[in-house]
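K.L.:
Before I ask anything, let me first share the structure, which is written out below as structure tokens.
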Amino acid sequence: MCTVVIDAADAASVRLLAVRDEDPQREWDELGAWWPDRHPGVIGIRDRRAGGAWLAANPAEGRLAVLLNRADVLDLPADLALSRGSLALESVMGRSPAAPERMHGFNLLEVRPEGSRVLSWDGASLRETTIEPGTHMIAHDDLDDAGTPRIASWLPEFRALGPTSASTDWRADWVRMLAASAALPPEDDRAIIRDNRPHGYPTQSLLYCTADVSAAGIDVDYHALPTPAHWSAPDA
């Protein structure tokens, strides 16, 4: 139930804010080059249990990917499911998924030199959604899905800030908006900083990243929340 806000100026200029929801008992490693042999030059946030990544970037190739969970339309037993953690790593090496039938549902956000898109797998079919210029938001449903309460509540607010290219400090503007959203209780369906346990999931918001992808390279900032599902300012 992660959340991503993305502003695409054009194919070569994308900025995003990504919030990760995961079980706090599932340990991770902060942003780093954890895969020098299989994925040289790639940086990302590593899941210690399966060894994959939630967010990965390949600065040399101008590629970045973020993985979000999505509901399945078909039942796939957990013991038969392959880990989705390889998707972001393979994506930034230029190898996008085709039809991974033995994976649970996902939304894979791909930022690429040829343009950004979302690949959505629901257990039955793989769909592609092109990200057009402008500000967009995605969680566990479709891009800009007004049926997702946090998107309905906060996408208009992010859009009201205007394009990030017009801001003198877009990261600060977006983080302030994230802080404003945290005034909601974390179990509220409209919340971005979340506690999903009341909804039947063990996941809570654990960290967020901002990223700037341009012809000049990729710049990713990483911030862990000191307490799961509770906002804390970056300098707190």
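The values are calculated or read from the model by the stated rules, or taken from the named source; none is laboratory data. Since we're looking at a predicted model, the values are computed, not measured. Every residue, glycine as well, gets a Cβ built from its backbone with ideal geometry; the counts of neighbours run over all protein chains shown. Heads up: the accessible areas ignore ligands, DNA and RNA and are worked out on the full protein's heavy atoms, side chains in. Shrake-Rupley method; radii C 1.70, N 1.55, O 1.52, S 1.80 Å.
Listed here are the residues, each with its yes/no results for (1) over 17 Å from the mean Cα position of the chain (by Cα); (2) buried (at least 24 other Cβ atoms within 10 Å of the Cβ).
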| site | (1), (2) |
| --- | --- |
| Thr3 | no, yes |
| Ala9 | yes, no |
| Ala12 | yes, no |
| Asp23 | no, no |
| Glu30 | no, no |
| Pro36 | yes, no |
| Pro40 | yes, no |
| Ile45 | no, yes |
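K.L.:
Looking only at the range 156-170, filter to residues that are open to solvent by less than 80 Å² (accessible area, probe 1.4 Å) and in contact (Cβ under 8 Å) with a residue 60 or more places away in the chain; which one of those is nearest to Thr210 (Cα to Cα)?
P.N.:
Within the range 156-170, the match that is nearest to Thr210 (Cα to Cα) is Trp170.
K.L.:
Okay, next question. Quick check: is even one residue across the range 89-103 over 18 Å from the mean Cα position of the chain (by Cα) and farther than 29 Å from Asn58 by Cβ?
P.N.:
No, every residue in the range 89-103 fails to be over 18 Å from the mean Cα position of the chain (by Cα) and farther than 29 Å from Asn58 by Cβ.
K.L.:
In the range 207-216, how many residues are open to solvent by 20 Å² or more (accessible area, probe 1.4 Å), touching a residue at least 12 places away in the same chain (Cβ under 8 Å) and out of contact with any Phe, Trp or Tyr (no Cβ under 9 Å at 6 or more places or on another chain)?
P.N.:
Final tally of qualifying residues: 2.
K.L.:
Moving on to the next point. Evaluate the range 224-233: report whether one residue or more is closer than 22 Å to Asn69 by Cβ, touching a Phe, Trp or Tyr at 6+ places or on another chain (Cβ under 9 Å), of a type outside the set (D, E, K, R) and open to solvent by 20 Å² or more (accessible area, probe 1.4 Å).
P.N.:
Yes.
K.L.:
So which residues in the range 93-118 are more than 26 Å from Arg171 (Cα to Cα), surrounded by 12 or more Cβ atoms within 10 Å (Cβ to Cβ) and hydrophobic (A, V, I, L, M, F, W, C), if there are any at all?
P.N.:
Those that are more than 26 Å from Arg171 (Cα to Cα), surrounded by 12 or more Cβ atoms within 10 Å (Cβ to Cβ) and hydrophobic (A, V, I, L, M, F, W, C): Met93, Met103, Phe106.
Yes/no matrix, rows are residues, columns are (1) among the polar types (S, T, N, Q); (2) assigned to a helix (DSSP H, G or I); (3) closer than 16 Å to Ala53 by Cβ:
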residue: Ala88; (1), (2), (3): no, yes, yes
residue: Glu101; (1), (2), (3): no, no, no
residue: Asn107; (1), (2), (3): yes, no, yes
residue: Gly115; (1), (2), (3): no, no, no
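K.L.:
Same structure, new question: If the requirement is being under 23 Å from Gly94 (Cα atoms) and not in a helix (DSSP H, G or I), which of these qualifies: Glu187, Glu128?
P.N.:
Glu128
K.L.:
Does at least one position in the range 53-67 carry a residue that is free of Cβ contacts under 8 Å to residues at least 24 places away in the same chain and assigned to a loop (DSSP other than H, G, I, E, B)?
P.N.:
no
K.L.:
Return yes or no: is Ala53 within 14 Å of Leu108 (Cα to Cα) and open to solvent by less than 60 Å² (accessible area, probe 1.4 Å)?
P.N.:
yes
For every residue, the table says whether it meets (1) modelled with pLDDT of 95 or more; (2) under 18 Å from the mean Cα position of the chain (by Cα); (3) part of a loop (DSSP other than H, G, I, E, B).
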{"position": "Ala183", "(1), (2), (3)": "yes, no, yes"}
{"position": "Ala191", "(1), (2), (3)": "yes, yes, yes"}
{"position": "Leu207", "(1), (2), (3)": "yes, yes, no"}
{"position": "Val213", "(1), (2), (3)": "yes, yes, no"}
{"position": "Tyr222", "(1), (2), (3)": "yes, yes, no"}
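K.L.:
Could you list all residues from the range 126-136 that are open to solvent by 50 Å² or more (accessible area, probe 1.4 Å) and either within 14 Å of the chain's Cα centre (by Cα) or farther than 24 Å from Met103 by Cβ (or both)?
P.N.:
Glu132, Pro133
K.L.:
Related question: For the range 55-88, which residues satisfy the criterion of being within 17 Å of the chain's Cα centre (by Cα) and among the charged types (D, E, K, R)?
P.N.:
Scanning the range 55-88 gives Arg63, Arg70, Arg84.
K.L.:
May I ask you to list pairs of residues, at least six apart or on different chains, whose Cβ atoms are under 9 Å apart, with the first in the range 119-134 being β-branched (Val, Ile, Thr) and at pLDDT 95 or above and the second being part of a loop (DSSP other than H, G, I, E, B) and open to solvent by 30 Å² or more (accessible area, probe 1.4 Å)?
P.N.:
Thr129/Asp142; Thr129/Leu143; Ile131/Leu143
K.L.:
Determine whether Ala139 is touching a helix residue (DSSP H, G or I) at 6+ places or on another chain (Cβ under 9 Å), buried (at least 17 other Cβ atoms within 10 Å of the Cβ) and closer than 23 Å to Asp23 by Cα.
P.N.:
Considered against the rule, which asks whether it is touching a helix residue (DSSP H, G or I) at 6+ places or on another chain (Cβ under 9 Å), buried (at least 17 other Cβ atoms within 10 Å of the Cβ) and closer than 23 Å to Asp23 by Cα, Ala139 comes out as yes.
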